[in-house]
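J.: Have a look at this one.
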Amino acid sequence: MSSMDLKAKFLNIYANLPLNQRNGIIIVIGDEPMTWNAVRIEVENDTDKSKEILKKLFDLQIIK
């Protein structure tokens, strides 16, 4: 699956997530826990880290 497809799927999931859940930790990259909000910022800015995050979220079947 392309990173653009993963990005679109993530943003769709994020948009439907209740506001109070967006501050919850979704993934740990290295030793850094990341919330839904932090991941959204990385994904929207197409950072190198966002590609790693999206791949891990797909591998964990959070993004399908």
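The values are calculated or read from the model by the stated rules, or taken from the named source; none is laboratory data. Not measured: the values here are computed from a predicted model. Virtual Cβ from ideal backbone geometry, glycine too; neighbours counted across all protein chains shown. Ligands, DNA and RNA are excluded from the accessible area calculation, which covers all protein heavy atoms including side chains. Shrake-Rupley method; radii C 1.70, N 1.55, O 1.52, S 1.80 Å.
J.: Consider only pairs whose beta carbons are under 8 Å apart and that are at least six residues apart or on different chains; among these, list those whose first residue lies in the stretch 10-36 and is closer than 15 Å to LYS64 by Cα and among the hydrophobic types (A, V, I, L, M, F, W, C) and whose second residue is modelled with pLDDT of 95 or more and open to solvent by 90 Å² or more (accessible area, probe 1.4 Å).
T.: Between residues of the stretch 10-36 that are closer than 15 Å to LYS64 by Cα and among the hydrophobic types (A, V, I, L, M, F, W, C) and residues that are modelled with pLDDT of 95 or more and open to solvent by 90 Å² or more (accessible area, probe 1.4 Å), the close pairs are LEU11/GLU44.
J.: Also: Can you tell me which residue among SER3, SER50 is among the small types (Gly, Ala, Ser), in contact with a Leu (Cβ under 7 Å, 6 or more places away or on another chain) and open to solvent by less than 80 Å² (accessible area, probe 1.4 Å)?
T.: Working: SER50 fails: in contact with a Leu (Cβ under 7 Å, 6 or more places away or on another chain).
The match here is SER3.
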